[in-house]
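This report concerns only the one structure given below.
The values are calculated or read from the model by the stated rules, or taken from the named source; none is laboratory data. Bear in mind the structure is a predicted one, so any value in this text is a computation, not a measurement. Glycine also receives a Cβ, built like all others from the backbone with ideal geometry; neighbour counts cover every protein chain displayed.
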Amino acid sequence: MITPLALREKAETQAARLPALLARAEHLAGAVLLGDHGRRRAGLGDDFWQYRPAQIGDSRRMIDHRRSAMGDVQFVREREWQIAQSVMLWVDQGASMRFASSDNLTTKAERARVLGLACAILLIRGGERVGLTGTQLPPRRGSAQILRLAEMFSQDDTQDYAPPEHRAMIPHARAVFVSDFMGDIEAVRTALTKAADRGVRGVLLHTLDPAEEAFPFRGRTVFESIGGTMEHETLKASDLKERYLDRLAARKAELRHLCAIAGWQYGLHHTDTSAQSGLLWLWRALDGGRARA
Amino acid sequence: MTVFGPIGFTAPWLLIALIALPILWLILRAIPPAPIRQRFPGVALLLGLQDDEAVSDRTPWWLLLLRMLAVAAMIIGLAGPVLNPETDAETGDGPMLIVMDGSWAGAAQWARQIEAVSDTLRRAGAAGREVALLHLAAPAPAVFQAANAISARLPGLTPAPWQPHSADEVNAMLPEGSFETVWFSDALDYPDRAPLLETLEARGPVRVTQTALDVLALTPAAYVDGAVQLTAIRAQPGPERGVTVLAQGRDPAGNATTLATANAVFTSGEMTATTALSLPAELRARVTRFEIQGARSAGSVTLVDDSLRRREVALIAGREGREGLELLSPLHYLERALEPTADLLSGALSEVLPANPDVIVLADVATLSEGEAENLTEWLDQGGLLLRFAGPRVAASDISRIDEDPLMPVRLRAGGRSVGGAMSWGSPKTLAAFREGSPFFGLDAPEDVAITAQVMAQPDPTLAERVIAELSDGTPLVTRKRLGQGQIVLFHVTANAEWSTLPLSGLFVEMLERLAVSSTSSAPEAGDLEGTIWTPQIVMDGFGSLRDAGAMPGVDGPSLVSDPTGPDLLPGVYLSGDRSLARNVLTADATLSPATWPARIPVSGLTIAPEQPLAGLLLAVAICLLLLDIVASLALSGRLTGGVRATRVSGIALAVILVLPAPHAHAQQDDQSQIAAASEVVLAHVITGDRQVDEIAEAGLRGLSDTLFFRTSIEPAPPIGVNLEADELAFFPILYWPITPDQPRPSREAYTKLNEYLRSGGLIVFDTRDGDIAGFGTTSGNGRKLQDLAAPLDIPALEPVPRDHVLTRTFYLLQDFPGRHVGADIWVEAAPPGAEQVEGMPFRNLNDGVTPVVIGGNDWAAAWAVTSSGQAMLPVGRGFGGERQRELAYRFGVNLVMHVLTGNYKSDQVHVPALLDRLGQ
């Protein structure tokens, strides 16, 4: 039972975090050049595409008189066809993301949220509609959506390993999944299969902490998940290292394979590298998707 | 107690626990270290992974070893280990007699010897044995008593400067019954040692403790071939060894110092080391003793007497220039007699006197010029010895005929006499035996000395006491008179063999020696000293330190040289008349022989190894090892490698340590600020303790300093707050003192300082800061406080600033002195009563100098105050009028500082018209 007082306090805490997240994401997004996704064909849009000779059927209002005055031929100024995409984000809010192996690193959750939000800001500035997978926040345009997204990202999930949300995916939309994908691989498989069924393509950003790649543990150790639901005790942690790394590599390969089947792109991001590089990769991956579209 | 080698255990059974160590090793190896709880999202990937080995990560062997060592140290420590335990064998039971040689030979090791005795006593006391102590060199009846009582006597024991002797005496002092004997030997043999050992062995077992160190000694110095011969001897022929001999004496200023050093080397196997020290006569005369450096015993010191002092003797004869007739020369025999032992001077009397010889010999010199006589008398007064010989000239002259000549001991009859010559009756006279009281007493008067001619003394009342040698018929042969500190001795015969055979006899030389004309070159024989009494002047103790003899009884001459040193004959310097004789511990031909003990006697060294419990040490080691184990375990389990927090904590600790203020920093800072204050003009304010007031005062003075800087040639440094109790005031021309009701009253010392400051031309501006609500007086709290504060100050009579006061025109022309408040009067030193306005002058000629105080309440500092960026800190008045008021406040400040720095300069300007007037006309 949440008392109003506690609710208020929590809300204040969330509100205090929100601008920070937003500002960082804005800052990150400012580093990437923007533009509406030009469709590279004439159509509705703001950008100039080409002049073409007026043909029969063109209304006279379409004649560009400045260009036509230079000669005898009448030209029509065509604009590039621009279209807004729906992009759905899923940023893992599970407890496993709230992990940072050292005080110098950000948690995976924070990095994932920053990347997700920065990507959203970029997309929204580009005129796309951005929302969350699931029913909570369907894709919308406008900068107010950024605030809503930030608010959604500020909520922590209590489960240890959150499964990808794959409900209410809009057909032929784009999707971005950011997670550490440490949980059940079947959920990911289901989500991607479903996405592929609906023609949704997207990007899978695998975010890992360097400690998860290096496994720097020795001696008798009890490993427990962040949420505390899982526990594994070993007498000699150093012995486990290779087998753990094998499993991690298998997990990565599996994800890569799933992506390949579903026509998604798989990216790996570590929290000790800069967020900028992650964002650039993400942006390029989405951009690349557009190029194929 | 169980003893293993040098270590004993009080609880040896605990050591059995050491058996458990290997078991512990196995157990510790088997038990895995406590797990670390590690939060890790990747645990999902780990699920299901099995450990390869059932056994955990083993504790590394070195950590196990560390723990084993800690446990072992703890077990051994609890078992009560003791280093050098006292064993029952050494302790024994029954009464114990401690025998100490206590001679000078043990002085160098005395402290260790006493320590060893003390240790023995402690053990005996612990065993409840009765102990008696026998100091062989200074024996006293030994009585068995508690060890504690003996211990209390130990600090009073000192080594004697002689060897133990008279075994009979010691035997009488031995306690009754049988006892164990512990003999602390000085490692030097002496005649009565063997019999004493036998006696003691008859009473019980004997143990001997003696030092392994060699005994060094120095035999008396001798003067041979123009150098001082020094011989060091040792008791045992050992390896090559060098010793340094120091010549100690007094420098010309009379301070004890080392005059010279010489190195002597014992070659391997040799018992003696000889060195020669060649010293100038002046330096040699100042040497008081020789000693071996570092050997602190009476044997290593040899005192110096006359034998090293070569007296300077000036020989002057009346008849000169008879070449070739050496044997007839009046000085021939004297020269031969004195040459070996004295430095001879020759020349005219006026030439030798400045050399200040010890002795001047006048052989047949009758008359002296007046000047010579005067100089000679002066020299005699200072302790010279004038030795005169008669002769034909003296006999022929009228010297000392009617009145006694000051430089003659007696009056002489005309002509002298001849006896037993060819033209006279009778036989040559012989010497009478020397009478007691004569310096020659004790010398044999040989029969064959014949006197054929002599000068005759006139019978005078004083004659009898002046005769020190006479002929067989009672006529004086040698007479003596004291003059001042010196003496005049007259031989009534010639110094050559003309008148007597005395100069040919050995007696002549001995007589010269007794008169201290010459000094013996070798140690005197007992016979030489027959009949003399020697009083000790300086005596030596067993350590070789010297002390004044005080009123010790004199010693008979022969026994001084022949008797061994003992309680009745301490080594030292003895005086008889003008002669001094050193009695040293060792004689010139002394040798040292080491004490040898029969094989049945156990002999041990002086080194004592006191019982030393090791339990504490071992337990401390165990704790240290366990601490180390904590660190190592943490490091191993990775808890220490987390690092960040640990380094942060240690960083904080380090910072705390570094930030701790250095104690002397303050003093240094103080100096710096004083230098800064003294090198520039600095305005100062008194720190009141009210933070806001102090801040405003400082800001105000800063504003005023800036104003002065911009407008005048005064360029003050930033203002300084002054703590009246601690800071020096002399550097500040002006002291701004805002009054707060609750500031502390300065101490008496601070008031002294303030009064001094006021008298030496300082100016204090008192500001009650209440000009808006109060006039001057006790109407406000600040006013009352001001009265209270200023009461002990040396403040002259005051008056409100008159309109012609110099303060109104030192820089700006002002008529009122606003600060943040306007209107209240300000008070300065009152003008002298006779100040009149001179005709034609705009101002009165008021007091000379600077008013010591300015008292007001206009809160000037607040008006002056600026922030560090130069903006006014507090509002003054309203609008432009307020700014004008601030400007006037600044002008007052400028005038004030100008007044302090220039005094009544602007008053003097008053006279300018009058001066010009006078010059012009």
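The strands (runs of 3 or more DSSP E) located wholly in region B:270-320 that include 1 or more residues which are among the basic types (Lys, Arg) occupy B:287-292, B:311-317.
Restricting attention to region A:57-85 and to residues that are in contact (Cβ under 8 Å) with a residue 24 or more places away in the chain and in a loop (DSSP other than H, G, I, E, B), the residue that is nearest to the other protein chains (Cβ to nearest Cβ) turns out to be A:Gln85.
Pairs linking a residue in region B:860-875 that is within 18 Å of B:Asp816 (Cβ to Cβ) to a residue that is part of a helix (DSSP H, G or I) and of a type in the set (Val, Ile, Thr), with Cβ atoms under 7 Å and 6 or more positions apart or on different chains, are B:Ala861/B:Ile696; B:Ala862/B:Ile696.
Conditions tested, residue by residue: (1) at pLDDT 85 or above; (2) out of contact with any Ser or Thr (no Cβ under 9 Å at 6 or more places or on another chain); (3) surrounded by fewer than 20 Cβ atoms within 10 Å (Cβ to Cβ).
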{"residue": "B:Ala348", "(1), (2), (3)": "no, yes, yes"}
{"residue": "B:Asn356", "(1), (2), (3)": "no, yes, yes"}
{"residue": "B:Val359", "(1), (2), (3)": "yes, no, no"}
{"residue": "B:Thr367", "(1), (2), (3)": "no, no, yes"}
{"residue": "B:Glu374", "(1), (2), (3)": "yes, yes, yes"}
{"residue": "B:Leu385", "(1), (2), (3)": "yes, yes, no"}
{"residue": "B:Ala395", "(1), (2), (3)": "no, yes, no"}
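Residue count for region A:86-103 satisfying the condition of being within 12 Å of A:Leu132 (Cα to Cα) and either within 9 Å of chain B (Cβ to nearest Cβ) or among the hydrophobic types (A, V, I, L, M, F, W, C) (or both): 5. Scanning region A:111-142 for residues that are without any contact (Cβ under 8 Å) to a residue 24 or more places away in the chain and closer than 23 Å to A:Trp281 by Cα yields a total of 1. In summary, helices (runs of 4 or more DSSP H) completely within region B:34-100 and bearing 3 or more residues that are at pLDDT below 80 and more than 10 Å from every other protein chain (Cβ to nearest Cβ) occur at B:88-91.
The condition of being farther than 23 Å from B:Gly294 by Cβ and crowded, with 16+ Cβ neighbours inside 10 Å holds for only one of B:Arg122, B:Arg153, B:Arg112, that being B:Arg122.
Mind checking whether some residue in region A:132-141 is of a type in the set (S, T, N, Q), away from chain B (no Cβ under 14 Å) and buried (at least 18 other Cβ atoms within 10 Å of the Cβ)? Within region A:132-141, one or more residues are of a type in the set (S, T, N, Q), away from chain B (no Cβ under 14 Å) and buried (at least 18 other Cβ atoms within 10 Å of the Cβ).
Within the option set B:Ala217, B:Ala273, B:Ala227, B:Ala260, being over 30 Å from the mean Cα position of the chain (by Cα) and at pLDDT 85 or above holds for one residue only, B:Ala273. Taking interchain pairs and intrachain pairs at least six residues apart, which have beta carbon atoms under 6 angstrom, with the first residue in region B:192-204 and over 22 Å from B:Pro564 (Cα atoms) and the second surrounded by 14 or more Cβ atoms within 10 Å (Cβ to Cβ)? Sorted first by the residue in region B:192-204, then by its partner, the pairs are B:Thr199/B:Asn171; B:Leu200/B:Thr181; B:Leu200/B:Val206; B:Arg203/B:Phe179; B:Gly204/B:Phe179; B:Gly204/B:Glu180.
Check region B:708-730 and report whether any residue there is of a type in the set (Ser, Thr, Tyr) and part of a loop (DSSP other than H, G, I, E, B). Yes, because at least one residue in region B:708-730 is of a type in the set (Ser, Thr, Tyr) and part of a loop (DSSP other than H, G, I, E, B). Every condition in (1) over 23 Å from B:Val585 (Cα atoms); (2) surrounded by 14 or more Cβ atoms within 10 Å (Cβ to Cβ) is met by B:Pro252 except one, and the failing one is (2).
Taken over region A:148-163, the criterion of being crowded, with 19+ Cβ neighbours inside 10 Å, within 14 Å of another protein chain (Cβ to nearest Cβ) and closer than 15 Å to A:Gly134 by Cβ is satisfied by A:Ala162 alone. Looking at region A:171-241, the strands (runs of 3 or more DSSP E) lying wholly inside it that each contain 2 or more residues that are surrounded by 23 or more Cβ atoms within 10 Å (Cβ to Cβ), in contact with a helix residue (DSSP H, G or I) (Cβ under 7 Å, 6 or more places away or on another chain) and more than 10 Å from chain B (Cβ to nearest Cβ) sit at A:174-179, A:201-208. Listed conditions (1) surrounded by fewer than 24 Cβ atoms within 10 Å (Cβ to Cβ); (2) closer than 25 Å to A:Thr271 by Cβ; (3) over 15 Å from the mean Cα position of the chain (by Cα) are all met by A:Gly94, apart from (1).
Comparison of A:Leu147, A:Leu115 shows that the only residue that is part of a helix (DSSP H, G or I) and more than 15 Å from the chain's Cα centre (by Cα) is A:Leu147.
Can you spot a residue in region B:743-752 that is among the hydrophobic types (A, V, I, L, M, F, W, C) and closer than 20 Å to B:Asp859 by Cα? There is no residue in region B:743-752 that is among the hydrophobic types (A, V, I, L, M, F, W, C) and closer than 20 Å to B:Asp859 by Cα. Of the residues in region A:185-196, at least one is of a type in the set (Ser, Thr, Tyr) and within 20 Å of the chain's Cα centre (by Cα). Of everything in region B:610-640 that is closer than 29 Å to B:Gln38 by Cβ and in contact with a Pro (Cβ under 8 Å, 6 or more places away or on another chain), the residue that is modelled with the highest pLDDT is B:Ser633.
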